[in-house]
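The values are calculated or read from the model by the stated rules, or taken from the named source; none is laboratory data. Note that the structure is predicted; figures quoted are calculated from it, not measured. Positions of Cβ are backbone-derived with ideal geometry, glycine not excepted, and every protein chain shown enters the neighbour counts.
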Amino acid sequence: MAINHGLLASILVFLSSITICFIDAANPPCPIDFSYVQSFPWDTSLCHDPIDKNCCQTLLSLFAMGLAKHLRETSMFYLPNADSSSSCISNFQSKLMNMSIPQISVPMCLNDTNELVLKPSSCAGIATLRDWVQKVGPSSLLDSSCKGDFHGVTQCGSCLDAGMMVTAKLVALDPNSTKCFYFSVFYAAGVVNDLDNNNTLAAACILGLPLAISKIGKTSNGLSSKKILKLAFGLSGSLLGIAVVTASLVLCRKWDKRRKQNAVHEKYVSGMISQILPGIGAKWFQVSELENATDGFSQRNMIGQGASAIVHKGVISDGTIVAVKQILDLDTEGDEDFSNEAEIISKIRHRNLLALRGFCVTSDMLNGKRRYLIYDFMPNGSLDDHLFNPQRKPLTWPQRKSIILDVAKGLAYLHYGIKPAIYHRDIKATNILLDSDMKARVADFGLAKQSREGESHLTTRVAGTFGYLAPEYALYGQLTEKSDVYSFGIVILETMSGRKVLDASNSSALLITDWAWGLIKSGNVQDTFHESIKEEGPKGVMERFVFVGILCAHVMVALRPTIADALKMLEGDIDIPRLPDRPAPLSHPPFPSSSISSTTSEAIRHSSISINSL
């Protein structure tokens, strides 16, 4: 039966490469009942010769009937995973073999199980009939145009027109959709029509399924139903041809635009690579390696997300567990942060600094530019999580002491262990990560800056996190090594108390430095200790840590110690000087206890500065 298969041609594009995979008993069962394969009156004669192209067209349409029935029974478009897809194709082949259809037919016509698996990009994020109703509405042209006995050419053509119009509506919602036409086909065949009730002409029109000649009769007008089907498929083919030409013109214009952009993408990648000179131990990764390592950057492997970065856990080819950080900022400033972090961290090696394993820059016409940094994975997360997550077991005093000393040692290396010195500029609890032994590693060097002899310490781009910024840096852009010392002092106080840098739990907003200073002045320094450690450690040592935190976070830069001296004070190698008073706010009398604290007030008054928090 030589038929111009209109809708079938489209289904062939979708299903033309579905594979037969033989599965074992451990794989999930197929959710589709293929018993209709043996009972529905399809034209089996077309598959006596498996290499006949009409056989593949027929089998693809026959399988599509199963997907339509699956939609009607479960409200789910497509199949949930590749294992289900493999199982279904295996069952489908078994039914055909029982009908003496050559075994080779299915492997020749179906060779990619993933094409049957639902993906977010399939059609405007639709997965279920409920999603369909939300996108299309409770009633559409398909419901009114594709219901009936299909004994006339007009109704078949109207159904096809309705499918095209609904498809256009869906594609307009998400231009990246790839299979909206097939969603319309399965909806019309499986939901609008019930193919179980021998609705053979509906299957023939909507799915393009050839019927056995013995089952095709006459219409009430005396016309052969076979002739009607030929006309219907001819009309379908013509309409599809127009649609394909129109789509081709649109795609060509888009492709031409992207082709012109390709040179820009290539220039971007080569430019970024030339800026970064990786040190020993850091390597360039291909984006395909990172996709394999993170299972396609799957949601279940995501371990962190911020305003300008997202982090996935992955396993690279040598079996090492890594953290893959994707920079989300796509502006020039984001490029600078990426190249800055890659260049700086690849040059340094210290047990208290998070090691960089590699980086990746890629750019293409479809996804734009993407930048990745690959680090060693820290299984115990961040200090912030341990301090402020009530689900976590509180840190012990030895753990808190060890973490503070580790951070001090890491900063001391940055300031004095390499030349020129590096100022981190974003020391905070979220950027201190903990390895399997709870040893602290300073991380996130996107804002780090290397000092240069003869250069001014003033900077026009103030970057960091509110509360951790040294006042002279936040207000005037004055950057020195003691800017990091101030942030470190805040971290000490947070670690000792379990209190956040800014407490806005009531009508007043109180910085941790003002809170701790008030307790120290009143002689209640032990009230700064977290409840879990008050009876755990030596009081004198614990008090010393709080005093060093207050001294490091002093508002006057000249009164702060260097990180080297702060480390010696923490370890008890040198005495702590008398703690100087904290100055009252500029041009204002002291605030009453119910008001915003002096330091907080000054910071809020200057809140228009540029703050970048990763």
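For region 562-572, check the following and say yes or no: at least one residue is at pLDDT below 95 and of a type in the set (A, V, I, L, M, F, W, C).
Checked against the condition, which is being at pLDDT below 95 and of a type in the set (A, V, I, L, M, F, W, C), region 562-572 yields no hits at all.
Within region 108-124, work out how many residues are under 24 Å from the mean Cα position of the chain (by Cα) and either among the hydrophobic types (A, V, I, L, M, F, W, C) or within 18 Å of Thr74 (Cβ to Cβ) (or both).
Going through region 108-124 one residue at a time, the tally reaches 7.
Results for (1) outside the structural domain of Ala202 (by TED's automatic domain parsing); (2) under 28 Å from Met164 (Cβ atoms); (3) of a type outside the set (Phe, Trp, Tyr), shown as yes or no for each residue.
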| site | (1), (2), (3) |
| --- | --- |
| Ser90 | no, no, yes |
| Gln93 | no, no, yes |
| Ser105 | no, no, yes |
| Ser122 | no, yes, yes |
| Ser144 | yes, yes, yes |
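I'd like to verify a number: residues in region 95-129 that are under 17 Å from Val185 (Cα atoms) and in a helix (DSSP H, G or I), how many?
Residues meeting the conditions: 3.
Quickly run through region 35-87 and pick out the residues that are among the aliphatic types (A, V, I, L, M) and out of contact with any strand residue (DSSP E or B) (no Cβ under 7 Å at 6 or more places or on another chain).
Result: Val37, Leu46, Ile51, Leu59, Leu60, Ala64, Met65, Leu67, Ala68, Leu71.
Looking at region 397-432 only, could you name the residues that are assigned to a loop (DSSP other than H, G, I, E, B) and surrounded by fewer than 21 Cβ atoms within 10 Å (Cβ to Cβ)?
Of everything in region 397-432, those that are assigned to a loop (DSSP other than H, G, I, E, B) and surrounded by fewer than 21 Cβ atoms within 10 Å (Cβ to Cβ) turn out to be Ile418, Lys419, Pro420, Ala421.
Please give the number of the condition Leu330 fails out of (1) modelled with pLDDT under 80; (2) out of contact with any strand residue (DSSP E or B) (no Cβ under 6 Å at 6 or more places or on another chain); (3) outside any loop (DSSP other than H, G, I, E, B).
(3)
State all residues of region 50-71 that are in a helix (DSSP H, G or I) and surrounded by fewer than 19 Cβ atoms within 10 Å (Cβ to Cβ); if no residue qualifies, say none.
If the condition is that a residue be in a helix (DSSP H, G or I) and surrounded by fewer than 19 Cβ atoms within 10 Å (Cβ to Cβ), then Lys53, Asn54 are the ones that fit.
With respect to Phe545, is the statement that it is aromatic (Phe, Trp, Tyr) and at pLDDT 95 or above true?
Judged against the criteria, Phe545 is a match.
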